[in-house]
Amino acid sequence: MLPDIEKLLALQLADKEIRKLQEEIAALPGRVAAIEAKLAGTRAHLEKTRAAAKADDANRKKFEATIQDLQGKISKYRDQSLDVKTNEQYKALLHEIQFAEQEIRINEDRILEVMVDAEVREKEVKAAEAELKAETAEIEQEKEEARRVTAADQQKLAEWNAQRDGLRQGIAPDLLRHYERVARFRGSGLAEALDHKCMGCQVMLRPQTYNEVRNGEQVVVCESCQRILYFDPAHEVKAENAAEIAHVRRRPRPKADAAQAWFYRPDYPEEGEVLMVFVNRGDTAVRRIYEMHTGRQFGDVLLREGTYRLAFPEDLTDSAIRLNGHWEEEEMDAWGVEIPSDALDVLHKDLLAANRERHAPTHKERSAASAEHTAAS
Ligand SMILES: [Zn+2]
């Protein structure tokens, strides 16, 4: 392998680590904010409970004051009763006293109610205080952990950045520019040449190109995706084994009733090779179409009534091959106008496996062939 290619491989690894660390660091403030929001909720609950206890206390005082007033009135009536002249007047005063006594009993009952409530409230306040205390401690710990992770990430990031800068200096400027341009556009600037294909875009390489990459004497780029190609002899052996194994181990069969279904079609009008994805959303079906090799979306996201098999019959011709693959719709929306290379890889690999499966002899055919072979020898 060319030394420059080796450095580019190391650079690609560094770029990937740097991206991962940057994303992790960027996500941390959000995590801390979520933790603090939870704490604020617990604090609000405690304050509400305390306010309720305070209101109970105020009510109790009000009832006590009312009782005192009533008792004052009663003793006044009693004083007056000493001076009354007629039986009628006496009866009227007695009636007033009885009424005040009844009012006192009502207020005493109210006080009793409030006092029973107060016990419950007190327990509630104590529980809320304990919860807040435990949560505060927990949150401090979580924040500390977040700070620790960020610091560690930042240190790792600095190390990777230094390594990246060192690697960049050792690579021919033209090659580096090409790598960065392709990486910016496609997410990766390097691709392995394996099984006569560019693993970045899954396009077959011309035999001469493939041999040039294998020889490792010059820089070769994929004509289709422009990624810089490299060859790893260790993988080639594995690829051959994988092809063997693929005959034995079947690929998982896509579920016929899945709400999301991916298809490959080699003969889409105008566009040629495409990947199509249908999603059943209740009474409607949604379709997205992408160019097979670049993963670029074309046409609008189409919505029709009915499940996708009924809604898009013209797309599901006999040439359509059902593929394994599932992503959340939100994630697909986030892709924008291009399937990211990792998702595209999954689909390409499954298509390869599906094609192998279609062209592989069945078990019966293989047994027949070996029987013939035995008979001939
Ligand atoms: Zn390519």
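Our analysis of the stretch 123-185 gives Rg over Rh at 1.48, with the two radii drawn from alpha carbon positions and Rh computed by the Kirkwood formula. Placing pseudo-labels 7 Å out from each Cα toward the beta carbon at residue 185 and residue 33 gives an inter-label distance of 3.6 nm. Over the chain, with every protein chain in place, what whole percent of the accessible area is carbon and sulfur at 1.4 Å, could you tell me? Carbon and sulfur: 53 percent of the exposed surface of the chain. With θ taken as phi - 60° and the Karplus curve 6.51 cos²θ - 1.76 cosθ + 1.60 applied, the whole-hertz 3J(HN,Hα) list for the stretch 186-194 is 10, x, 8, x, 10, 9, 7, 9, 9 Hz, x standing for glycine and proline.
Counting charges near residue 141 (Lys, Arg +1; Asp, Glu -1) among other residues having Cβ under 14 Å from its Cβ returns a value of -1.
Taking a Cβ cut-off of under 13 Å around residue 22, the surrounding Lys, Arg, Asp and Glu residues balance to a net charge of 0, with basic ones at +1 and acidic ones at -1.
Where does the chain land at 222 nm, in deg cm²/dmol rounded to the nearest 500, when only DSSP H runs of n ≥ 4 count, each adding -39500 (n - 2.57), divided by all residues?
Values: 9 runs with 245 residues, N = 377.
-23000 deg cm²/dmol, from helical runs alone.
How much FRET efficiency would the formula 1/(1 + (r/R0)^6) give for residue 177 and residue 44, where r is the Cβ-Cβ distance and R0 is 56 Å, rounded to 0.05? E(calc), rounded to 0.05, equals 0.50. Over the chain, accessible surface divided per residue gives 63 Å², non-protein components excluded, 1.4 Å probe. A viscosity of 0.692 mPa s and a temperature of 37 °C, combined with the Kirkwood radius over C-alpha pairs in the Stokes-Einstein formula, give the chain a diffusion coefficient of 113 µm²/s. In order along the stretch 2-17, the phi-based Karplus estimate (6.51 cos²θ - 1.76 cosθ + 1.60, θ = phi - 60°) of 3J(HN,Hα) comes to 5, x, 4, 5, 4, 5, 5, 4, 5, 5, 4, 4, 4, 4, 5, 4 Hz; Gly and Pro are listed as x.
Can you give me the relative contact order of the stretch 166-235 as a percent, contacts being Cα pairs under 8 Å and 6 or more apart? Walk me through the numbers on the way to the answer.
Details: 87 pairs, mean separation 19.9, N = 70.
Reported as a whole number, the value is 28 percent.
Contact order for the chain, expressed relative to its length and based on alpha carbon pairs under 8 Å spaced 6+ residues apart, stands at 14 percent.
Residues whose amide H comes within less than 5 Å of that of residue 268, counting only those at least five positions distant or on another chain, are 273, 274 (H built at 1.01 Å from N in the peptide plane).
Which three numbers, in whole Å and largest first, are the semi-axes of the equivalent ellipsoid of the stretch 156-239 derived from its Cα gyration tensor as √(5λ)?
Numbers: eigenvalues 122, 40, 33 Å².
Semi-axes from the Cα gyration tensor: 25, 14, 13 Å.
Compute the whole-percent fraction of alpha carbon pairs in the stretch 1-119 spaced more than 19 Å apart. Don't skip to the answer; put the middle values down first.
Working: 5108 of 7021 pairs.
The calculated P(r) of the stretch 1-119 puts 73 percent of pairs beyond 19 Å.
Here the simple spin-label model places points 7 Å from the Cα toward Cβ, and for residue 330 and residue 131 these points are separated by 2.7 nm.
Here's how it looks for residue 297: its modeled amide H is under 5 Å from those of 291, 338, 339, which are all 5 or more places away or on a different chain. Remark on residue 229: its backbone amide H falls under 5 Å from those of 191, 220, 221, 222, a criterion applied only to residues 5 or more positions apart or on other chains, H modelled at 1.01 Å from N.
For 231, 185, give the ranking by accessible area with the largest first, probe 1.4 Å. Mind dumping the intermediate values first?
On the way: 231 25, 185 115 Å².
Putting 231, 185 in descending order of accessible area: 185, 231.
For the chain, the longest principal axis of the Cα atoms and the long axis of helix 233-248 meet at an angle of about 80 degrees. For the stretch 86-162, the number of Lys pairs with C-alpha atoms closer than 26 Å, counting only pairs eight or more positions apart or on separate chains, is 4. Measuring between their Cα centroids, the stretch 69-148 and the stretch 11-62 lie 37 Å from each other.
What the phi angles of the stretch 146-162 give under the Karplus curve with 6.51, -1.76 and 1.60, with θ = phi - 60°, is a coupling list of 4, 4, 5, 4, 4, 4, 5, 4, 5, 5, 4, 4, 4, 5, 5, 4, 5 Hz, glycine and proline written as x.
The values are calculated or read from the model by the stated rules, or taken from the named source; none is laboratory data. Bear in mind the structure is a predicted one, so any value in this text is a computation, not a measurement. Counting neighbours? That spans all protein chains shown, and the Cβs are built from the backbone with ideal geometry, glycine included. Surface areas here come from the heavy atoms of the whole protein model, side chains and all, with no ligands, DNA or RNA. Shrake-Rupley method; radii C 1.70, N 1.55, O 1.52, S 1.80 Å.
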